[in-house]
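Some notes on the structure that comes next.
The values are calculated or read from the model by the stated rules, or taken from the named source; none is laboratory data. Quick caveat, the model's predicted, so the values are computed rather than measured. Neighbour counts run over all protein chains shown; Cβ positions are idealised from the backbone, glycine included. Heads up: the accessible areas ignore ligands, DNA and RNA and are worked out on the full protein's heavy atoms, side chains in. Shrake-Rupley method; radii C 1.70, N 1.55, O 1.52, S 1.80 Å.
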Amino acid sequence: VVPISKVLFVGANQPPARVREVLRLSKRERVLQIKRLRAFNDLPLMYEDLYLSETIFAGLDRIDISRKLLYPIYDSRFNTPIIWADEFLEPRLATPEVAGHLCITPGDPVIFLERIAYSFEDKPVEFRASFGRGDRFRYHIELR
């Protein structure tokens, strides 16, 4: 099942320091940032903030990703398959921004996921910070 995604923002930006470091970008390189809300049966389940190298993924902002998985798009359109990912999960409390997107109360429990996805030769190409509703969170991963 592919959750429906509501794209809240997509555009080129200067990356935060952590993203620049993780994606091994120079100070001049920009990122394509995508903020989206993932929902199932009209219930918001996850708020995501993704960062991609603008050089590698130029034009992704013109593709409708609301009903598609990103990794097949990375592979087919940008010749950048995701080979593996490093992911970290931790419990957190919802900030007012996250709570507003997930239709919960600030301070409610959320699961924070940080993912760094790699392509060939262990090149990091995606940094993703996601917040899942603590009351509806079930996590399954199958990365190939």
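If the condition is being closer than 12 Å to LEU143 by Cβ and of a type in the set (S, T, N, Q), then the stretch 61-85 contributes no residue at all.
The condition (being in contact with a helix residue (DSSP H, G or I) (Cβ under 9 Å, 6 or more places away or on another chain), at pLDDT 95 or above, open to solvent by less than 30 Å² (accessible area, probe 1.4 Å) and more than 14 Å from ALA129 (Cβ to Cβ)) is satisfied by just one residue among LEU25, LEU52: LEU25.
Just name the residue that is nearest to GLY134 (Cα to Cα) out of those in the stretch 67-87 that are open to solvent by less than 30 Å² (accessible area, probe 1.4 Å) and of a type in the set (Ser, Thr, Tyr). Checking each candidate, the answer is TYR74. Kindly provide the set of residues from the stretch 98-133 that are of a type in the set (Val, Ile, Thr) and touching a residue at least 12 places away in the same chain (Cβ under 8 Å), ordered by number. Result: VAL98, ILE104, VAL110, ILE111, ILE116, VAL125.
Search the stretch 95-141 for residues being assigned to a strand (DSSP E or B) and of a type in the set (Asp, Glu), and hand back the single one that is least open to solvent (accessible area, probe 1.4 Å).
Within the stretch 95-141, the subset assigned to a strand (DSSP E or B) is 109-118, 124-133.
Still in the list and also of a type in the set (Asp, Glu): 114, 126.
Working: GLU114: 26, GLU126: 0 Å².
Once the filter is applied, the top-ranked residue is GLU126.
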